[in-house]
Amino acid sequence: MQANIDIKEIIKEKILVLDGAMGTMIQTYNLEEKDFRGERFKDHHMPLQGNNDILALTRPDVLKAIHISYLEAGADIIETNTFGGTFIAQEDYDLAHAVFDINFESAKIAREAANEFTAKNPEKPRFVCGSMGPTTKLSSMSPDVNDPGFRSTSFEELVQAFKEQVTGLIKGGVDLLMVETITDTLNAKAALFAIETVQSELSTDLPVMISGTITDASGRTLSGQNTEAFIVSVQHSQPLTIGLNCAMGASGLRPYLSIIRNKFDGFVHAHPNAGLPNEMGDYDETPEETAAQIKVFLEEGLVNIIGGCCGTTPAHIKAIADLAENYQPYRKKDQDILVNA
């Protein structure tokens with residue numbers, strides 16, 4: 001964690017830039033099974049290729065190189081490679097026992113990269129955000145259409161999973177935490193409760209970002225909440241930002257970001273996909289096309305933190321960062337009081 005640098009103050013003065021997709025960049029390295037196994041897991045009984053989170057323990061050099069590429073592109077905030085860093089997600093690979101190490105080491109890798117860039121230019125401090133994905137299970141919906149009352153996980157199990165993740169991230173040195181790609185708000189509430197509990201135990205007070213995902217043009221999350229209901233459900237945690245990521249691309253998020261700005265008293269963030277994937281699962285939207293859509297966000301004063309999600313690369317983040325320099329962050333009249341409360 002950085003000393004004497006408060007993101008709560010910096011966010012009032014400038015639009016901060018978040019990094020882009022991690023998975024897209026990892027794919028460019030064409031990693032093989034041996035890369036995911038490394039020495040530590042060379043004799044593991046299950047295939048590990050595709051378990052990107054484990055690379056913090058087997059190919060930290062790849063993760064650091066990706067962080068550096070986003071920092072060079074102008075990102076103020078880089079996310080840890082821990083989207084699947086809970087024992088619930090890692091059970092798919094029988095690696096639940098490695099979860100603390102995954103989060104701790106991933107945070108350390110990002111911390112090292114951020115510190116190097118802050119040291120080069122103290123006027124542009126860089127921050128590390130601990131990424132907390134939604135896990136692979138839903139707590140408010142049944143995965144079995146024939147048994148609507150069935151749940152594949154519980155609130156209590158989710159809290160335990162997120163507590164382990166948060167502990168590793170904080171001890172690894174993150175500056176803030178993000179509960180992201182929220183499709184089930186009950187999962188998110190478990191994550192927020194876990195954060196509050198761990199921060200109390202560790203005597204920390206890191207800012208929290210909450211990032212929902214709109215799954216279709218109705219403006220609802222997968223579990224059925226509209227944007228305003230989502231805000232009401234999570235704002236009790238007094239987050240630094242509420243925002244949206246992933247899903248329909250930048251232009252599709254605009255009306256819902258406007259709702260957040262008007263209904264939430266804090267700051268707003270967004271990190272959209274580079275459009276929608278094509279039939280091969282690739283993202284064709286160019287950095288220039290993404291930046292042109294995000295320019296509308298900046299002109300209308302919709303966001304305080306802006307970045308990219310699926311399909312975005314350092315080139316996308318550079319285009320966004322170059323654009324963001326020309327705009328001032330949106331702030332409500334009473335936001336100074338809220339942030340300093």
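Laboratory data are not the source of any read-out in this text; all were calculated from the coordinates shown. The model shown is predicted, which means the values in this text are computed figures rather than measured ones. For neighbour counting, all protein chains shown are included, and Cβ atoms are generated from backbone atoms with ideal geometry for every residue, glycine included.
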Checklist entry - When only DSSP loop residues count, what GluC sites (Glu not before Pro) in segment 241-311 have their Cβ near at most 10 other Cβ atoms within 10 Å? => result Glu279
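Take peptides 237-244, 147-154 and line them up by average Cβ neighbours within 10 Å, highest first, as a rough protection proxy.
So the order, starting with the most tightly packed, is 237-244, 147-154.
Just rank His236, His44, His67, His271, fewest to most, by other beta-carbon atoms within 10 angstrom.
On the way: His236 9, His44 16, His67 28, His271 33.
So the ranking, lowest neighbour count to highest, is His236, His44, His67, His271.
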Checklist entry - Using a cut-off of 12 Å between alpha-carbon atoms, which aspartates and glutamates can reach Lys120, once sequence neighbours fewer than 8 places away in the same chain are excluded? => result Glu72
Item to check | Separation in nanometres of the label points that stand 7 Å from Cα toward Cβ, at Met280 and Glu116 | outcome: 3.2
Checklist entry - Please state the relative contact order of the chain as a whole percent: Cα pairs under 8 Å, 6+ residues apart? => result 19
Item to check | Sparse-neighbourhood loop sites, GluC sites (Glu not before Pro) in segment 25-55 - DSSP loop, at most 10 other Cβ within 10 angstrom | outcome: Glu32, Glu39
Next on the checklist: Show me, bin by bin at 20 Å from 0, the whole-percent P(r) of the chain based on Cα pairs.
Outcome noted: 32, 62, 6
Checklist entry - lysines within cross-link reach of Lys34: Cα-Cα under 18 Å, excluding same-chain residues under 8 positions apart? => result Lys42
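Please give the length that would be gained between Ala292 and Tyr29 if that part of the chain were fully extended, namely 0.36 nm times their separation in residues minus their C-alpha to C-alpha distance (nm, one decimal).
Working: separation 263, 0.36 × 263 = 94.68 nm, distance 2.86 nm.
Residue separation times 0.36 nm, minus the Cα-Cα distance, leaves 91.8 nm.
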Checklist entry - Roughly how many nanometres apart are two label points built 7 Å out from the Cα toward the Cβ at Glu228 and Ile10? => result 3.6
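In debye, nearest 20: dipole of segment 7-340 around its Cα centre with unit charges on the Cβ of K, R (+) and D, E (-)?
Numbers: 28 positive and 47 negative charges, 155 e Å.
Computed charge dipole of segment 7-340: roughly 740 debye.
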Checklist entry - Listing Asp92, Asp53 from the residue with the fewest other Cβ atoms within 10 Å to the one with the most, what is the order? => result Asp92, Asp53
Next on the checklist: Using a 10 Å cut-off around each Cβ, can you sort Met25, Met141 from fewest to most neighbouring Cβ atoms?
Outcome noted: Met141, Met25
Checklist entry - What aspartates and glutamates could a cross-link reach from Lys108, if we take a straight Cα to Cα line under 15 Å and drop same-chain neighbours fewer than 8 places away? => result Asp53, Asp61, Glu79, Glu116, Asp175
Item to check | Paramagnetic reach from Glu91 (point 7 Å along Cα→Cβ, amide N under 11 Å) across segment 124-162 | outcome: 136-138, 152-154, 157-158, 161
Item to check | Glu72-Leu202 pseudo-label distance in nm [points 7 Å out on the Cα-to-Cβ vector] | outcome: 3.0
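What shape does segment 111-201 have by the C-alpha gyration tensor, where a ≥ b ≥ c are the square roots of the eigenvalues, rounded means a/c under 1.5, and otherwise prolate means a/b greater than b/c and oblate the rest?
prolate
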Checklist entry - GluC sites (Glu not before Pro) within segment 96-136: which are DSSP loop residues with at most 14 other Cβ atoms inside 10 Å? => result Glu123
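What net charge do the residues around Gly133 carry, taking every other residue with its C-beta under 12 Å from that of Gly133, with Lys and Arg at +1 and Asp and Glu at -1?
Result for the neighbourhood of Gly133: -3.
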Checklist entry - Where the centroid of each part is defined by its Cα atoms, how far is segment 188-220 from segment 65-83 in Å? => result 21
